Amino acid sequence: MLLVALTFVYIFALSAQTGIAVNRWLSIKNPDPFITVFSGLFGITTFACLWAFFGRIGWEFQLALVLYSIILAFIYKSESAAFYHGLRSGIRDLPLSLKIIFGITSALIIAKCAGSPFLPDNESYYIQTVKWLNEYGLVRGLANLHFFFGQTSGWHIAQSVFSLSFIDDRFNDLSGFALWIGNGFAIFRLKDYLKSGSFTALVFGLTGCVNVLLFQFIAAPSPDLPVYIIAFMASWLFVEHFDKASASVLRQITVLVLFGVFIKLTAVALLLLPLLLLPKVKAFSIRTELPLLATCFVTLSLFIAKNLIVSGYAFYPMPMLSFGFEHQVPKIIMDYFAANTRPAAFDIDVTTYQSVSQLHLFKRWLMLPGLHGIFNMLSVLVLLVPVPILFAKKIRSWWLLYFTMVFQWLLLYAISPQYRFGLHFVLIFGLFVLASMIQSRKKLAVAFTGFSIVVASVPLLVPIGMASLSNNKLFRENPVMTRRQAVFPHPNSSETTHFTAETIGNLNYFSPSEPTFFWFTGNGPLPCVNTEQLDFFEKNFGYRPQLGGTSLHDGFHPEKVSD
């Protein structure tokens, strides 16, 4: 816990300083301190992405980032002083109850981060994606080695900055930092509600009530968690300032949404927020918004270039906009995944999917076992229950946010209806319903948030069987806190798998020695991939990955295997 807490302080300092520079670049006025930190993470991530085109994100980048932050601190000395003064004043003005809640929540987040990672995706590709970035940067054709490595998220680029791999492999907790910042943002909104009685402040101030769920995302760099926090922040800015929208607010929302989409393409519906706000901004002009337009252009360019390097497709994993690069993933493999993505969300094969009605699919989607079925039903309820409340409150900004949620779910249902891709809106409008029930009871709002601490702490202290919620063996029982983790965090993998050296053509690689799941790579040496996976792709599609040159720096290309 101690080392995780120190890394949080380090990340906060660098992100805040970069966020202050972003605010100045875009002329953002009176920014929320927690949104400033996220803006700083966005700036660091884009800088790291550009760096990764040319080399690894190792100690060299860390040194450059620290020096860059020191220079920014001198350039923006007065702005930095104002930022920390405002943050201290905001914390000082918190009621004692909220200070206690935030303090305990912070300790629980750090404790969770110090524990064993709890996400299967961490073992399939999160660890390895970050490892490739730390040792080689963006590698040409990496998706040919492991299909999921092509999903090199902006969040994994950010995690590679703060994994401090040149020190140890235990720092894997950027999602925990994001949730910590998100809880700080929520506590400040709850303070606003206690002062003004604002309904909107209450909705977002109740974010702590869902910590028991969000905690499950934070011991590994899941791209979903930061998208949820970004959605909360952007939605609050949109609703709170809609009637008196300014160019400054529009810029803040745009930066957050750009970051969300850079992290995960499924957050694309959030782009509606700045577009819906744009007509309300009276002082908007192309000339005054050149810095914002430049930021949008650079972000899109980095996103496309990153994807083209690792996979050969501009919007990977969608099989569109490719240029026939030698290193691009074969079209037959891309088409296979595209055809199986939606059926997989219904837990059926392609043949069955094509033979049943849409009504049957919808019923099956609602009744899926475990967490999927539970959250699918909650998603439908959240689409229905807020409607009468929205009619009663007659707040246009909330209606527009609601229609953004509807658009998000229609889009997801058509492509890949997995609950976690739209969970941010489910949580926002779930809290919207809760807030409408307790708006006039301020003590109850604080009590709900306080009680959430007790609920969130239980999985940290008590092992709970998860077999009924998931079929994945890595998700059968939650990891609990140990004494050693009070100082030293758990390694970035929950598995202790051994790996053996294998060869296929000109590629020497490492494969897990013991039987495990198909996509598993864990914390194996580079390059790491399951032999079972390579055999599957060679047998079914006739391709195998090969080195693009004499070393891993040269990347990978697909080789057609002769019949």
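Read-outs throughout are calculated quantities, based only on the coordinates presented, and are distinct from any laboratory measurement. Owing to the predicted nature of the structure, the values given are computational and were not obtained by experimental measurement. Please note: Cβ atoms are built from the backbone with ideal geometry, for glycine as well, and neighbour counts cover all protein chains shown.
Net charge near I348: determine it from the other residues with C-beta under 13 Å of the C-beta of I348, scoring Lys and Arg +1 and Asp and Glu -1.
Result for the neighbourhood of I348: +1.
Treat the chain as a sphere of radius equal to its Kirkwood radius over Cα pairs and apply Stokes-Einstein at 4 °C in a medium of 1.567 mPa s; give the translational diffusion coefficient in µm²/s, rounded to a whole number.
The estimated diffusion coefficient comes to 53 µm²/s.
What does the highest-first list of 181-194, 526-539, 24-37 look like by mean Cβ count within 10 Å?
The densest-packed peptide leads the list: 181-194, 24-37, 526-539.
By per-residue mean of other Cβ atoms within 10 Å, what is the highest-first order of 67-75, 268-276?
Put in order of decreasing packing, that is 268-276, 67-75.
Just want the answer: with Cβ charges of +1 for Lys and Arg and -1 for Asp and Glu, which residue in G205, Y413, G260 is farthest toward the dipole's positive end in the chain?
Towards the positive end, the residue furthest out is G205.
Starting from 0.36 nm per residue, how many nanometres of slack lie between F451 and V9 once their C-alpha separation is accounted for? Don't skip to the end; give the middle numbers.
Working: separation 442, 0.36 × 442 = 159.12 nm, distance 2.69 nm.
Additional length available on full extension: 156.4 nm.
Taking the Cβ-Cβ separation of L293 and A414 as r and a Förster radius of 30 Å, what is the calculated FRET efficiency to the nearest 0.05?
0.50
Show the residues, 5+ positions off or on another chain, whose built amide H is closer than 5 Å to the amide H of I504.
For I504, whose amide H was placed from the backbone, the distant partners under 5 Å are Y509.
Taking H placed 1.01 Å from N in the peptide plane, check which residues at least 5 places from Y543 or on another chain put their amide H under 5 Å from its amide H.
Placed amide hydrogens put E538, V561 under 5 Å from Y543.
Exceeding 21 Å between C-alpha atoms, which entries from my cross-link table qualify? They are K77/K282; K191/K443; K99/K244; K264/K363; K131/K306.
Working: K77/K282 32 Å; K191/K443 12 Å; K99/K244 31 Å; K264/K363 28 Å; K131/K306 16 Å.
Over 21 Å Cα-Cα: K77/K282; K99/K244; K264/K363.
For the stretch 492-563 and the stretch 279-347, what is the separation of their C-alpha centers, rounded to whole Å?
26 Å
Any idea what angle helix 247-263 forms with the longest principal axis of the chain, computed on alpha-carbon atoms, 0 to 90 degrees, nearest 10?
The helix 247-263 is inclined about 30 degrees to the chain.
For the chain, what does the relative contact order come out to in percent, with C-alpha contacts under 8 Å and a separation of six or more?
21 percent.
What is the dipole size for the stretch 1-494, taken about its Cα centre, with +1 at each Lys and Arg Cβ and -1 at each Asp and Glu Cβ, in debye to the nearest 20?
For this selection, approximately 1300 debye.
Given a Förster radius of 45 Å and the C-beta distance between F74 and D535 as r, what FRET efficiency does 1/(1 + (r/R0)^6) yield to the nearest 0.05?
0.20
For labels at H553 and K195 in the simple 7 Å Cα→Cβ model, what's the distance in nm?
My value for the distance between the label points is 5.5 nm.
Using alpha carbons only, how many angstrom separate the centre of the stretch 47-79 from the centre of the stretch 410-425?
Value for the Cα centre distance between the two parts: 35 Å.
In the stretch 360-454, which trypsin sites (Lys or Arg not before Pro) are in a loop and have at most 11 other Cβ atoms within 10 Å, using DSSP for the loop call? Walk me through the intermediate numbers first.
On the way: sites: K363, R364, K393, K394, R396, R420, R441, K442, K443; in loops: K394, R441.
Here the trypsin sites (Lys or Arg not before Pro) that fit, given the DSSP loop and packing criteria, are K394, R441.
Taking a ≥ b ≥ c as the square roots of the Cα gyration tensor eigenvalues, with a/c under 1.5 meaning rounded and otherwise prolate when a/b beats b/c, else oblate, which class fits the stretch 13-161?
Details: a/c = 2.69, a/b = 1.41, b/c = 1.91.
In terms of gyration-tensor shape, oblate.
Take every Cα pair under 8 Å in the stretch 499-560 that's 6+ residues apart, average their separations, divide by the length, and report that relative contact order as a whole percent.
The normalised contact order for the stretch 499-560 reaches 24 percent.
Can you list the HN-Hα couplings for the stretch 69-86, worked out from phi with the Karplus curve (6.51, -1.76, 1.60; θ = phi - 60°), rounded to whole Hz and with x for Gly and Pro?
Going residue by residue, I get 5, 5, 4, 4, 4, 6, 5, 10, 4, 5, 5, 5, 4, 5, 4, 6, 5, x Hz, with x marking Gly and Pro.
How far is helix 331-345 tilted off the main Cα axis of the chain, in degrees rounded to 10, range 0 to 90?
Once rounded, the angle reads 50 degrees.
Obtain the nm distance between the two label points defined at L444 and F362 by a simple spin-label model: each point lies 7 Å from its Cα along the Cα-to-C-beta direction.
Output for this residue pair reads 3.4 nm.
Multiply the residue separation of S106 and L300 by 0.36 nm, subtract the distance between their alpha-carbon atoms, and state the gained length in nm to one decimal.
Residue separation times 0.36 nm, minus the Cα-Cα distance, leaves 66.4 nm.
Which FRET efficiency value, to the nearest 0.05, do you get for I374 and V66 by plugging their Cβ-Cβ distance into 1/(1 + (r/R0)^6) with R0 = 45 Å?
Numbers: r = 44 Å, r/R0 = 0.99.
Approximately 0.50, to the nearest 0.05.
Can you give the alpha-carbon Rg of the stretch 79-119 over 2.2 N^0.38 Å, where N counts its residues?
Numbers: Rg = 14.4 Å, N = 41, 2.2 N^0.38 = 9.0 Å.
Relative to the rule-of-thumb radius for its length, the stretch 79-119 sits at 1.59.
So how far apart, in nm, are the two label points at F403 and F53 if each is 7 Å from Cα heading toward Cβ?
Spacing of the two 7 Å Cα→Cβ label points: 3.8 nm.
So between L461 and V561, what do we pick up on full extension, going 0.36 nm a residue minus the alpha carbon distance?
Going from the current span to full extension adds 30.8 nm.
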